[in-house]
Amino acid sequence: MAFVTEKTLEDCKQTYALAPTIKKFTLKDNTFAQTKVGNFEFKRMLEEVPNSGAGFLLKIIINPDLTGFKMSITDKSGLRNVNIFKNATAVIQEKFYFQMNVLVDRGIFITK
């Protein structure tokens, strides 16, 4: 998957793009971990029951120069993409939107 400037997940009602004001220290403050190649990686489990281990993995990777990103929701192994807007409960969808709204509020993403 290549880095993109904006992304809409399948059946999602929002399109997300990197905010023009994004900063590296903001990513680190919001638990993005820097990889060996310099990308910033964010992983969160979207679970109905907290700490159950049964849910879906939200994964966001932002390139080192902060011009592109990758976003996917997969099964917990991280191998197979999942459409949570079709195959998951409303609780998991709400957790996705909540997490993304936090990242929008902190100046990492904007919605279109």
As straight-line cross-link partners of LYS86, the qualifying lysines (C-alpha separation under 23 Å, not fewer than 8 residues apart within one chain) are LYS7, LYS13, LYS43, LYS59, LYS70, LYS76, LYS95, LYS112
If one compares the long axis through the Cα atoms of helix 90-105 with the longest principal axis of the Cα atoms of the chain, the angle in degrees, nearest 10, works out at 10
Out of ILE84, VAL102, LEU58 - ranked by how far each Cα lies towards the positive end of the dipole of the range 58-112, with unit charges on the beta-carbon of charged residues - the top one is ILE84
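Report the net charge of residues surrounding ALA19, where surrounding means a beta-carbon distance below 12 angstrom and charges are Lys +1, Arg +1, Asp -1, Glu -1.
Values: positive: LYS23, ARG106, LYS112; negative: GLU6, ASP105.
Local net charge: +1.
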For the pair SER72 and PHE3, the simple spin-label estimate (label points 7 Å beyond Cα toward Cβ) gives in nm 1.7
Across LEU66, LEU79, LEU46, the residue with the highest GNM fluctuation in the chain (Cα network, 10 Å cutoff) is LEU79
With DSSP loop assignment and no more than 14 other C-beta atoms within 10 Å, the trypsin sites (Lys or Arg not before Pro) in the range 1-74 are LYS13, LYS23, LYS36
Across PRO50, PRO20, PRO64, the residue with the highest GNM fluctuation in the chain (Cα network, 10 Å cutoff) is PRO50
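How high is the relative contact order of the chain, given as a whole-number percent (alpha carbon pairs under 8 Å, six or more residues apart)? Could the numbers behind the result be given before it?
Values: 187 pairs, mean separation 34.7, N = 112.
Relative contact order of the chain: 31 percent.
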Once both label points are put 7 Å beyond Cα along the C-beta direction, the LYS13-VAL102 separation in nm becomes 2.1
Counting Lys and Arg as +1 and Asp and Glu as -1 over every other residue whose Cβ sits under 11 Å from the Cβ of MET71, the net charge comes to +2
Length gained if LYS43 through LYS86 is fully extended, taking 0.36 nm per residue and subtracting the Cα-Cα distance, is 13.4 nm
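Tell me, which longest segment in the chain has none of the GluC sites (Glu not before Pro) that fall in DSSP loops with at most 15 further Cβ atoms within 10 Å?
Values: sites that count: GLU10, GLU48.
Between exposed loop sites, the widest span is 49-112.
No lab work stands behind these numbers, since they all come straight from the coordinates. Treat the numbers as computed from the prediction; the structure is a model and nothing was measured. Note that we place each Cβ from the backbone using ideal geometry, even for glycine, and neighbour counts take in every protein chain shown.
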